[in-house]
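To keep things clear, I will list the structure first and then write my remarks on it.
Each value in this text was obtained by applying a stated rule to the coordinates, not by laboratory testing. Keep in mind that this is a model prediction, so the values were computed, not measured. Using ideal geometry, Cβ is built from the backbone for each residue, glycine included, and neighbour counts are taken over all protein chains shown.
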Amino acid sequence: DAKTTQPTSMDCAEGRAANLPCNHSTISGNEYVYWYRQIHSQGPQYIIHGLKNNETNEMASLIITEDRKSSTLILPHATLRDTAVYYCIVRVYPIYNQGGKLIFGQGTELSVKP
Amino acid sequence: DTAVSQTPKYLVTQMGNDKSIKCEQNLGHDTMYWYKQDSKKFLKIMFSYNNKELIINETVPNRFSPKSPDKAHLNLHINSLELGDSAVYFCASSQGQGRSTQNEQFFGPGTRLTVL
C-alpha cells in the first residue's frame, strides 16, 4: 500500500470549510484513497473514499487530482464536533469477502475553533 | 442500536495475568478485525477474520489469540500480559463483497487495557 503524507495539525474556524490535504505520490492505478477520522477517545469513523473521480456524500467531499498524486478532503461547514484526527489511507480495493487491512499513518489533527 | 460493541470498555490488570476482550457486531458483516492503538496514537492492524477464518495475522506475539465462535463475534485473548500490552484495542467489521460502500470498516468504541 502506498504511503501518505499529511500535515500534523490544522485549525479551522467554525462554520468555514476545512480543507485537509494528503499527498500520495506513489499511489498505483488500483489503489483507492480512503478517509477516516477519529474523534477523541472513540473508534475511527469512515468518511469517504474514491479512485479517480471526485466524490461527495453527506459528510464531506473528496477531490482527487488528475494525476492522483494528492487529494483534499473538504468539510464544507466545519463544526466543533468535527474536531478530530483525520487519516488519509490508500489501499488496494479489497476483493471477495476479505475486507482488507487499513494502514493508518499519523493523520492530521484538525481543531475547529469557535 | 450499537453496530460494533466491545466489552469491557476499561481493563486494568497485573502483569502476567490472562485476559479476554469481547467484540460483537450486529451488521451482518463477514469480516472482523482487531487493531491496537498505542500510547503514541498509532493504529495498527493485528488480526482479521473472514467467516470465522483467520486471514490476516500481523506479526503479533503468540500470547495474543483471537477466537471467532461465529461471524458476529471476534474475541481477543491475551496470555501473560506485559507492560507493553497497555493500549487501546479496537474491534472493527466490514462486508467484503457487494457495493463499494460495504467495504468501509465500522469500528467499536475501544477497550483501554492498562497493565500494571
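Structure data summary
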{"quantity": "Sorted by Cβ density within 10 Å, fewest first, the residues B:SER20, A:SER71", "calculated": "B:SER20, A:SER71"}
{"quantity": "Within straight-line cross-link reach of B:LYS22, lysines at Cα separation under 21 Å, skipping those fewer than 8 residues along the same chain", "calculated": "A:LYS101, B:LYS9, B:LYS36, B:LYS44, B:LYS52, B:LYS67, B:LYS71"}
{"quantity": "Residues B:PHE90, B:PHE47, B:PHE64, sorted so that the one with the fewest Cβ neighbours within 10 Å comes first", "calculated": "B:PHE64, B:PHE47, B:PHE90"}
{"quantity": "Per the protein assembly as shown, cysteines lacking a partner by the 4.7 Å Cβ criterion", "calculated": "A:CYS12"}
{"quantity": "Additional length obtainable on full extension of the chain from B:ASN79 to B:SER5, 0.36 nm per residue less Cα span", "calculated": "24.4 nm"}
{"quantity": "Inter-probe distance in nm under a simple model that places probes 7 Å from Cα toward Cβ, at A:SER111 and A:LYS3", "calculated": "2.8 nm"}
{"quantity": "Stretch gain in nm, segment B:GLN14-B:GLU58, where the contour uses 0.36 nm per residue and the Cα spacing is subtracted", "calculated": "13.3 nm"}
{"quantity": "Trypsin sites (Lys or Arg not before Pro) within the stretch B:11-53, DSSP loop, no more than 12 other Cβ atoms inside 10 Å", "calculated": "B:LYS40"}
{"quantity": "Alpha-carbon Rg/Rh ratio, for the stretch B:1-97, with Rh computed the Kirkwood way", "calculated": "0.95"}
{"quantity": "Cross-link reach list, aspartates and glutamates versus A:LYS113, counting only Cα pairs under 13 Å and skipping chain neighbours closer than eight places", "calculated": "A:ASP11, A:GLU14, A:ASP82"}
{"quantity": "Bins of 5 Å from zero: percent of alpha-carbon pairs in the protein assembly as shown", "calculated": "1, 7, 14, 18, 18, 16, 12, 8, 4, 1, 0"}
{"quantity": "Cα lying deepest toward the dipole's positive end in the protein assembly as shown, options B:THR7, B:SER39, A:PRO44, charges on Cβ", "calculated": "B:SER39"}
{"quantity": "Sorted by Cβ density within 10 Å, fewest first, the residues B:MET32, B:MET46, A:MET59", "calculated": "A:MET59, B:MET46, B:MET32"}
